[in-house]
Structures are given as C-alpha cells and as structure tokens.
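Some notes on the structure that comes next.
The values are calculated or read from the model by the stated rules, or taken from the named source; none is laboratory data. If you're wondering where the values come from, they're calculated on a predicted model, not measured in any experiment. Using ideal geometry, Cβ is built from the backbone for each residue, glycine included, and neighbour counts are taken over all protein chains shown. Side chains included, ligands, DNA and RNA excluded: accessible areas come from the protein's heavy atoms. Shrake-Rupley method; radii C 1.70, N 1.55, O 1.52, S 1.80 Å.
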Amino acid sequence: MEYDIIICFETHVELKTETKLFCDCLVRYEAPPNSQICPVCTGQPGALPVLNKKAVEYAVRAGLALNCTINRESRFARKNYFYPDLPKGYQISQFERPFCEDGYLEITGDDGKPYVVGIKRIHLEEDAGKLVHSSGSLEASEYSLVDYNRSSVPLLEIVADHERNPLRSIKEARTYLEKLKQILKYIEISDCMLEKGQFRCDVNISIRPKGSKSLGNRAEIKNMSSFRFITEALEYEIKRQSELIESGRRVPQETRLFDEEKKITRPMRSKEDAPDYRYFPDPDLIEVEIDQEFLQGIEDSVPELPDQKLDHLIKNFGIPRHDAIILTREKKVSDFFEKCALHCNDRRRLSHWITKDLFKLLNDSSLTIEECQIRPKDFSQLINLTDRGDITDSIGRTVLYEMFRTGKNPETIIEAKGLKPIQDVDLLDKILDEVIGENPDAVSKIKQGITKPIDFLVGQVMKKTRGKAPAKKVRELVQKKLVK
Ligand code: ZN
Ligand code: MN
C-alpha cells in the first residue's frame, strides 16, 4: 500500500540572552552546578518573576522572520505539572495569546518547487532544570541530582501546523529543520547547538493510505536533539504504523520515546494518560503590550534572511548559484564575503577562494570564520594580487596559509618570504630569451600562427623563476617578441 506521510515539529530553542527569562541570573551552561540560581528561578515562596525584555524582542524577531502575525497584547500562563527539575510545580509558558501566530516557512519541496510550511504559533516559556542520575538511567540510579542553572532560561517554542501544509517526507522534514535552524542563527537569537540541547524537537508523525481524506492518529516522539536520530525515528515510525494499518489494526494516538541504541520508538503514554496541564493566566505577570515603537525597532533589526541574501549575492555580485548557496549557509560567512567584496573586482574569484581555499583551511583546523585571524581587507588584497597576475595562484595559496597562521597581511608575508614578483622587465626579458633559445620548436610554431605553445613558454618562464614572474606580463612579452 502507498501512504501519505504527515510530519510536523514542535521545536524548542534556547535563546541566547545574557540573563534568564524572569530573573537576573546569567545564562551560563558551563558554570558549576547550581551556581547561577536565585529565589526566583528555584521557585522559592514569595519570589516574583520580572520579564526579560530582550527575550520578548527575540521572540518577536523570530515571529517576523517566520512571517507571523505579532500579537500586540500577549500574556503568560502557568502550565502545571510535577517533575523534580521544575521547582515551582508549574512552568511559565503561554497558552492563549502567544507572541506570534499564523506564520510560515518556505522550503524547497522534494519536487523542487517552493513549499510553504504552516507555522501555527511561536511562544515564549522557561526551560526546566537538569537531572543528573547517579548511573545512566533513572531506573538504574540510586539517586539523582538536580542542577537549576538551566531553570528559567528562555525557550522559544515554534509549533508547526499539522493541518496547513505539513511536511510530506523525511527529506522535507530534514530540509525544514535545517532551514529553521539557519534562519534562527541568521537573526542571531540562538546558537542552535543541537549537541548542547539548544534546539530540541518533539516530532509528530501520522500516515494514511494515499488518497484518503481523514487524518490518521499520530505518534509524538518527545525531545529529540539530533537530526540523525530524528530521521531514524521517522523511518521506524513509518514502518511501524504501516504494519499496524496493513494488519488491520489502528494506530493509537500516543507519545513515544526514541531508543537511540536500538533505533526504535517505545510508548511513553497514551492519549488517555495525557496530563491535564490546567493552564491559567499567571497572576504574577501582567499582560505584555507591544507598542509600535518597540515593534518598529525590531522590524528594523531583522537582517536579510538566507533566501534574500542568496538572491542578493547572485544578482548584485554575479556569484554562481552553487557558490552563493555555500556562502549563505552561515550568516558570518556571507558577511565576510560582502566585506571582502567591497575591495575586490573579481567577485567570482573571491567566492571561489573563500569556498575552496579558505574553507579547506578552516575545516582542517576546525575553526569557524569568526575565529580565523584573517581580516576581510587583507583577504581581498590577496585576491586582487592573484587577479592582477602579480602573484600566481600557487604563491597565493602559500601566502593565504601564512595569513591564516599569523594574521599578517599579504604584503608583509610576500616581503618576508621572498615571494615578491619580479617586476624588472629587463630581467624578465633576459629569462624569456633563454627560454626562447631552449625551445626552437615551440617558437617556430608560434611564428606560424599556432598560439597554443605560448602557454608552454610562459610556463617555462614561471618554472625558471619559481612562480615569481607575473604571468600576465610574461605573456605580453612573448606576444611582443614572437607574434607579429
Ligand atoms: Zn535566578
Ligand atoms: Mn514547550
């Protein structure tokens, strides 16, 4: 049987604010356990929350980037449940009137056409603390410890719409997640490091026989923070659910957990056991009003998003699409490119040197472009030197390596390493005469009008000078001497 696949995500993203959502404690993941806590984020009686304005700004920025309607009046609610890492016995979240609603994210569908994935809502809430079990799992542990450093760190929950254009395949699901992550990093509200739990997904999946109109029951797989595991869990679920349907059984609506070792999902709780969160407006927090000035300020601060940036690089700088896609994957890279482009004539050459040579150096040393010492101005100078033929590409690579290692500018390196091109025309002339004397065959061919051996002669001069002759200049000299 063939099936329609319906996937949608609820994604929790940790915002990179300086302080927590309702207190002044710092957001510091690497700090010693329980060193970044206070009466508010540990839920002491009588402690009152005060909303972090920056977190609201980030939530609204995400809403704008994801084409949402921004609710000018918004409020927080208590979501009641008991868990040891939730000291208050409830989580401050949003229920009615979240900050953002009714948006979308455009991806490229599997058919190669643009596909607009519905986003139902984006709301702000606090993260819980972290449990540390004395041995691997809760069941096997003698005791568990709790670290409240993460308690009340601002979380943004982005809820995709399972009715309005859900994702239709595992590949599209992956595309959506990659793009969502890319956009959130572009607008600089989260580092989205999956391995640090800064980007966690609840995955919803159901299937139905192709052509059927009614929605099947869905399984929700909780708290996944690896794209690979998400893919594996989805593969398993499609297989499990289709087997149930084919054996004439119903897929129960339930919450499941992924077993990372066995690559299977297991039931956690059924629809009947679903907790009743008893949401109600948090009486400690007043309604949030977003005024025009605040909203306008955020609108002005939203940078060019990946798709716009891609168009921009293709249209304004004449970069081939393939290169432009690589350059715009990370905002820091496209920023570096644009800064260099200010001082460069040949932007294609520039993009080639970034995506090939610079990326290789970064990869080999596991550095990001921000950690690299090369200044855009120096990088573009290097590109111009190779563009003008003042130095060969191969010397250029040697210089780039030194720039990468030392942070020095190309001229200093060329001078210090004796890589300076030979500018003395008389000397070049003399070397060329030697080469001409040594290669009578090539010379006679050129004199008969065959142009190919010109490259050969230029190459011979480069060899004699160990790459230090300016190739363009040598070519001119050959033309002048041999081509009439
Ligand atoms: Zn605190
Ligand atoms: Mn949530």
For the stretch 109-175, give me every one of the strands (runs of 3 or more DSSP E) that falls completely inside it and has 2 or more residues that are more than 16 Å from ligand 1 (Cβ to nearest atom) and modelled with pLDDT of 95 or more. 114-126, 154-160
Can you confirm whether the stretch 167-186 contains a residue that is closer than 28 Å to G248 by Cβ and not aliphatic (A, V, I, L, M)? yes
Selection over the stretch 467-484 where residues are in contact with a helix residue (DSSP H, G or I) (Cβ under 9 Å, 6 or more places away or on another chain) and exposed (fewer than 14 other Cβ atoms within 10 Å of the Cβ) yields a count of 3
Of (1) part of a loop (DSSP other than H, G, I, E, B); (2) at pLDDT 95 or above; (3) open to solvent by 20 Å² or more (accessible area, probe 1.4 Å), C41 fails just (3)
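How many of the residues making up the stretch 247-286 are among the acidic types (D, E) and open to solvent by 80 Å² or more (accessible area, probe 1.4 Å)?
Looking only at the stretch 247-286, we keep the residues that are among the acidic types (D, E), and these are 254, 259-261, 272-273, 276, 282, 284.
If we keep only those that are open to solvent by 80 Å² or more (accessible area, probe 1.4 Å) too, we end up with 260-261, 272-273, 276.
The total comes to 5.
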Flag for R200 being more than 17 Å from I107 (Cβ to Cβ), of a type in the set (K, R), under 16 Å from the mean Cα position of the chain (by Cα) and within 16 Å of ligand 2 (Cβ to nearest atom): yes
If you take the residues in the stretch 83-96 that are within 16 Å of ligand 2 (Cβ to nearest atom) and open to solvent by 70 Å² or more (accessible area, probe 1.4 Å), which one is farthest from G43 (Cα to Cα)? E96
One residue from A62, A55 being part of a helix (DSSP H, G or I), within 16 Å of ligand 1 (Cβ to nearest atom) and touching a residue at least 24 places away in the same chain (Cβ under 8 Å): A55
Members of the stretch 1-38 that are in a strand (DSSP E or B) and in contact with a Cys (Cβ under 6 Å, 6 or more places away or on another chain): F9, T11
Number of the condition not met by I158 [criteria: (1) surrounded by fewer than 14 Cβ atoms within 10 Å (Cβ to Cβ); (2) touching a helix residue (DSSP H, G or I) at 6+ places or on another chain (Cβ under 9 Å)]: (1)
All conditions in (1) under 19 Å from G467 (Cβ atoms); (2) touching a helix residue (DSSP H, G or I) at 6+ places or on another chain (Cβ under 7 Å) are true of G418 except (2)
For L105, state whether it is assigned by TED's automatic domain parsing to the domain that holds P39, buried (at least 19 other Cβ atoms within 10 Å of the Cβ), over 26 Å from Y277 (Cβ atoms) and in contact with a strand residue (DSSP E or B) (Cβ under 6 Å, 6 or more places away or on another chain). yes
Would you mind finding the one in L361, L367, L342 that is at negative phi, surrounded by 15 or more Cβ atoms within 10 Å (Cβ to Cβ) and in the same structural domain as K309 (by TED's automatic domain parsing)? L361
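Looking only at residues in the stretch 110-122 that are charged (D, E, K, R) and more than 16 Å from ligand 2 (Cβ to nearest atom), which one is most open to solvent (accessible area, probe 1.4 Å)?
If we filter the stretch 110-122 for residues that are charged (D, E, K, R), which is where we start, we get 110-111, 113, 120-121.
If we keep only those that are more than 16 Å from ligand 2 (Cβ to nearest atom) as well, we get 110-111, 113.
Numbers: D110: 74, D111: 94, K113: 127 Å².
Applying the filter and picking the extreme gives K113.
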What are the residue pairs meeting all of these: first residue in the stretch 423-449, first residue under 18 Å from P470 (Cβ atoms), second residue acidic (D, E) and part of a loop (DSSP other than H, G, I, E, B), Cβ atoms under 9 Å, and 6 or more apart or on different chains? Q423/D390
Can you work out which of the residues in the stretch 29-57 that are in contact with a strand residue (DSSP E or B) (Cβ under 7 Å, 6 or more places away or on another chain) and within 30 Å of Q308 (Cα to Cα) is farthest from ligand 2 (Cβ to nearest atom)? V56
Spot the failing condition for D102; the list is (1) on the phi < 0 side of the Ramachandran plot; (2) at pLDDT 95 or above, and only one is missed. (1)
The one condition D284 fails out of (1) farther than 21 Å from I230 by Cβ; (2) within 35 Å of the chain's Cα centre (by Cα) is (2)
Every pair of residues 6+ apart whose Cβ atoms lie under 9 Å, when the first sits in the stretch 123-141 and is farther than 21 Å from Y81 by Cα and open to solvent by 10 Å² or more (accessible area, probe 1.4 Å) while the second is away from ligand 2 (no atom under 16 Å from the Cβ) and not in a loop (DSSP other than H, G, I, E, B): S134/S144; S134/L145; A140/H133; S141/H133
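Look at the stretch 178-230 and say how many of its residues are of a type in the set (V, I, T) and either closer than 17 Å to I7 by Cα or assigned to a strand (DSSP E or B) (or both). Spell out the reasoning first.
Residues of the stretch 178-230 of a type in the set (V, I, T): 183, 187, 189, 203, 205, 207, 221, 230.
Narrowing further to those that are either closer than 17 Å to I7 by Cα or assigned to a strand (DSSP E or B) (or both): 203, 205, 207, 221, 230.
The number of residues fulfilling the criteria is 5.
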Kindly list the number of the only condition in (1) in a helix (DSSP H, G or I); (2) surrounded by fewer than 17 Cβ atoms within 10 Å (Cβ to Cβ) that fails for W353. (2)
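For every residue, the table says whether it meets (1) on the phi > 0 side of the Ramachandran plot; (2) open to solvent by 30 Å² or more (accessible area, probe 1.4 Å); (3) of a type in the set (D, E); (4) assigned by TED's automatic domain parsing to the domain that holds A65.
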position: V153; (1), (2), (3), (4): no, no, no, yes
position: I183; (1), (2), (3), (4): no, no, no, yes
position: E188; (1), (2), (3), (4): yes, yes, yes, yes
position: D191; (1), (2), (3), (4): no, yes, yes, yes
position: K196; (1), (2), (3), (4): no, yes, no, yes
position: L215; (1), (2), (3), (4): no, yes, no, yes
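So, of the residues in the stretch 65-82 that are in contact (Cβ under 8 Å) with a residue 12 or more places away in the chain and part of a loop (DSSP other than H, G, I, E, B), which turns out to be surrounded by the most Cβ atoms within 10 Å (Cβ to Cβ)?
To start, the set of residues in the stretch 65-82 that are in contact (Cβ under 8 Å) with a residue 12 or more places away in the chain comprises 65-81.
Subsequent filtering for residues that are part of a loop (DSSP other than H, G, I, E, B) retains 66-68, 71-72, 75-76, 81.
Details: L66: 22, N67: 14, C68: 23, N71: 21, R72: 14, R75: 17, F76: 26, Y81: 13.
Step by step, filter the stretch 65-82, then rank; the result is F76.
Which residue out of D346, D378 is of a type in the set (D, E) and either closer than 18 Å to I413 by Cα or touching a Lys or Arg at 6+ places or on another chain (Cβ under 7 Å) (or both)? Even if it seems obvious, please write down each step before you answer.
Values: D346 fails: either closer than 18 Å to I413 by Cα or touching a Lys or Arg at 6+ places or on another chain (Cβ under 7 Å) (or both).
The conditions single out D378.
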